[in-house]
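Colleague: Attaching a single structure in structure tokens format; questions to follow.
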Amino acid sequence: MSDDDIRKIKSNIFTSPIVLPKFNLIFFWSSKSGGTYWKRLFQFLQGIKKNNAHDPRRSGLIPLLAYYDAKDIKGMMLNSSLTKAVFVREPRERILSSYLDKGTDKYFMRVMCRYIPKSFEDFLKIIRICKNPHFEPQVQISNHLYKNMMLGKMSNIFEFTEKVMRKIGAWDNSVKLWFNSKSIDQTTRPHATNATNKLLYFYKNKDLQDQIFQIYSDDYEVFNFEKKYF
């Protein structure tokens with residue numbers, strides 16, 4: 001693990017991997033990739049009753065990997081007794097969801113990017129120069145570090161949940177009840193933007209998809225997403 005990897009992990013507590021010491025789990029996540037769902041689950045596992053799941057200063061989801069010093073982070077990443085997992089989303093789906101949620105929010109775009117996109121195509125131009133967790137690549141550290149991680153994708157979120165819970169010894173009746181509750185429906189839907197159903201409408205031509213393939217090339221390679229046109 002390089003110094004640059006450490007710097008990236010420690011650079012932002014709002015995007016830091018979550019550590020569950022009791023369950024020996026380090027979980028890598030990304031904005032617009034089911035983050036709310038996982039944070040709510042981790043709050044439930046640890047008996048944390050907080051309404052805020054997003055602000056690490058108020059969510060109760062501590063420690064974060066970013067809070068450890070460099071030596072400890074390297075040691076934890078090399079420790080085979082700790083489960084490392086990463087959860088991701090197909091980049092075209094994720095970026096469309098980001099656009100529908102954030103790209104159409106004039107205040108957000110003005111403050112964060114200083115530009116307000118006039119269209120989805122315009123948004124793709126802006127995110128090349130504006131850095132923000134909602135549309136930055138999901139590959140956060142060196143590519144090779146993901147090889148030994150459990151990999152889950154939005155398309156198999158429920159199967160992956162059970163797999164991770166069984167791995168860390170947390171798949172019990174209380175988790176099963178939470179897992180099957182109606183409340184999780186809200187956290188697994190893309191913020192009511194219905195992004196998946198709008199893919200064909202917004203990706204009207206192959207050029208827009210090619211742009212995503214190029215901008216998020218590492219995501220496609222590292223997480224084995226297929227570059228197949230809609």
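Colleague: Of the residues that sit in segment 1-43 and are among the β-branched types (V, I, T) and in a loop (DSSP other than H, G, I, E, B), which one is farthest from the chain's Cα centre (by Cα)?
Modeller: Going through segment 1-43, the residues among the β-branched types (V, I, T) turn out to be 6, 9, 13, 15, 18-19, 26, 36.
Retained after the next criterion (residues that are in a loop (DSSP other than H, G, I, E, B)): 13, 15.
Values: I13: 14, T15: 8 Å.
The extreme case among them is I13.
Colleague: Something else: Determine the pairs where a residue that is without any contact (Cβ under 8 Å) to a residue 40 or more places away in the chain, located within segment 86-109, has a partner that is assigned to a helix (DSSP H, G or I) and of a type in the set (F, W, Y) with Cβ atoms under 8 Å apart, the partner being 6 or more residues away or on another chain.
Modeller: Partner pairs satisfying both residue conditions: K102/F108; G103/F120; G103/F123.
Colleague: Just to be sure, is T36 at pLDDT 95 or above and among the polar types (S, T, N, Q)? Quick ask: steps written out before the conclusion?
Modeller: Details: at pLDDT 95 or above: no; among the polar types (S, T, N, Q): yes.
In short, no.
Colleague: Continuing with this model, one more query. Output the residues belonging to segment 180-227 that are at pLDDT 95 or above and either part of a loop (DSSP other than H, G, I, E, B) or within 16 Å of the chain's Cα centre (by Cα) (or both).
Modeller: Within segment 180-227, Y216, D218, D219, Y220, V222, F223, N224, F225, E226, K227 meet the criteria.
Colleague: Within segment 114-131, can one find any residue that is buried (at least 19 other Cβ atoms within 10 Å of the Cβ) and under 14 Å from K32 (Cβ atoms)?
Modeller: yes
Colleague: Additional query: In segment 126-137, how many residues are under 24 Å from K204 (Cα atoms) and either outside the structural domain of F213 (by TED's automatic domain parsing) or under 20 Å from the mean Cα position of the chain (by Cα) (or both)? Step through it out loud before you land on a result.
Modeller: Start the filter on segment 126-137 by keeping residues that are under 24 Å from K204 (Cα atoms), which leaves 126-130, 134-137.
Among the residues that remain, those that are also either outside the structural domain of F213 (by TED's automatic domain parsing) or under 20 Å from the mean Cα position of the chain (by Cα) (or both) are: 127-128, 130, 134-137.
So the answer is 7.
Here is a yes/no grid of residues against (1) at pLDDT 95 or above; (2) closer than 19 Å to R7 by Cα; (3) not assigned by TED's automatic domain parsing to the domain that holds K8:
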site: N51; (1), (2), (3): no, no, no
site: R58; (1), (2), (3): no, no, no
site: P63; (1), (2), (3): no, yes, no
site: M77; (1), (2), (3): yes, yes, no
site: T83; (1), (2), (3): yes, no, no
site: S98; (1), (2), (3): yes, no, yes
site: T104; (1), (2), (3): yes, no, yes
site: C113; (1), (2), (3): yes, no, yes
site: L124; (1), (2), (3): yes, no, yes
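Colleague: Could you tell me whether K153 is without any contact (Cβ under 8 Å) to a residue 60 or more places away in the chain, surrounded by 11 or more Cβ atoms within 10 Å (Cβ to Cβ) and in the same structural domain as D4 (by TED's automatic domain parsing)? Lay out the reasoning, then the answer.
Modeller: Numbers: without any contact (Cβ under 8 Å) to a residue 60 or more places away in the chain: no; surrounded by 11 or more Cβ atoms within 10 Å (Cβ to Cβ): yes; in the same structural domain as D4 (by TED's automatic domain parsing): yes.
So K153 does not fit the description; no.
Colleague: K153: under 29 Å from L45 (Cβ atoms) and either modelled with pLDDT of 95 or more or aromatic (F, W, Y) (or both), yes or no? Step through it out loud before you land on a result.
Modeller: On the way: under 29 Å from L45 (Cβ atoms): yes; either modelled with pLDDT of 95 or more or aromatic (F, W, Y) (or both): yes.
Yes.
Colleague: Since D72 meets every condition but one in (1) within 29 Å of K227 (Cβ to Cβ); (2) surrounded by fewer than 18 Cβ atoms within 10 Å (Cβ to Cβ), which condition does it not meet?
Modeller: Checking D72 against (1) within 29 Å of K227 (Cβ to Cβ); (2) surrounded by fewer than 18 Cβ atoms within 10 Å (Cβ to Cβ), the one that fails is (1).
The values are calculated or read from the model by the stated rules, or taken from the named source; none is laboratory data. Fair warning: this is a prediction, and the values are worked out from it, not measured in the lab. Backbone-built Cβ (ideal geometry, glycine too); neighbour counts: all protein chains shown.
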